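A quick write-up on the structure given underneath.
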Amino acid sequence: MTTPDGVDDDKRATLRRFAAIGTGAPLAGFAESASAETGESDARDAIVGYLSTTPGAHFSKVRDDLQLGTGETQHHLRRLEDRGAIESYEDGDYKRFVLAGRFDEFEKHALGYLRRETPRGMVIELLLDPDATAGDLATSLEVSPPTVSKYAGELEDAGLLSREDGYAVERPETILLLVVRHADSFGERSTTLAQNADQLLEYDGEA
């Protein structure tokens, strides 16, 4: 259903849900002041809220998940970035967005790969089982060994994985915390990881 102002009810509900998160974020004032200047909708607060729960999302995902138009999304992202509320970075063919000042370069690279299904699956499996082999990963993720090898090389080049003696996640505590904090945006296996995070941290500390 479309309301008299031309906004679909489902879209409005989505924007308001994320805007409620956005108005509670430390950087909400940037979005609010921008909206006040132009008398615009909840879209900017919604983007801030969305990026607080889904950091590293690329342009199309922000647009589609918030049910915004392409031009509308470009406009709001540009204004938020100009005001220092969010920042963008290049990740291959993608332009990704995070709240400003929240993540270092390593974390941004990590978020980019965690937003890709197969690399995320590999990292999560290795966090759950540091002794997992390439064959184990291929079986668990239902992909071919060459696919595992391809992404392992990319993860190594990005500084997220070591292949010196099997596969080992670099800075595992940092990546584990990223996954745990944003588990809902990374899928079911990430939720399982989050539920076991305390044990994993204890194990790593004992090692």
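The values are calculated or read from the model by the stated rules, or taken from the named source; none is laboratory data. Because the structure is a prediction, the values reported are computed rather than measured. Please note: Cβ atoms are built from the backbone with ideal geometry, for glycine as well, and neighbour counts cover all protein chains shown. Just the protein is used for accessible areas: all its heavy atoms, side chains included, with ligands, DNA and RNA removed. Shrake-Rupley method; radii C 1.70, N 1.55, O 1.52, S 1.80 Å.
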**Study point:** Difference of contour (0.36 nm per residue) and Cα-Cα distance, residue 13 to residue 59
**Key:** 14.5 nm
Exercise for review: Would you mind counting up the charge near residue 182? Only other residues with Cβ under 13 Å from its Cβ, with Lys and Arg at +1 and Asp and Glu at -1.
Suggested key: +2
Review point. Out of residues 5 or more away from residue 86 or on other chains, whose amide H comes under 5 Å of its own, with H placed 1.01 Å from N in the peptide plane?
Key: 81, 100
Point to revise | Nearby lysines by direct alpha-carbon distance to residue 150 (threshold 29 angstrom, same-chain neighbours under 8 apart not counted) | key: 61, 95, 108
**Study point:** Span from the the stretch 50-109 Cα centroid across to the the stretch 153-171 one, whole angstrom
**Key:** 26 Å
Point to revise | Amide hydrogen neighbours beyond the local backbone of residue 57, cut-off 5 Å, H modeled | key: 97
Review point. So how much accessible area does residue 165 have, in Å² to the nearest 10, using a 1.4 Å probe?
Key: 140 Å²
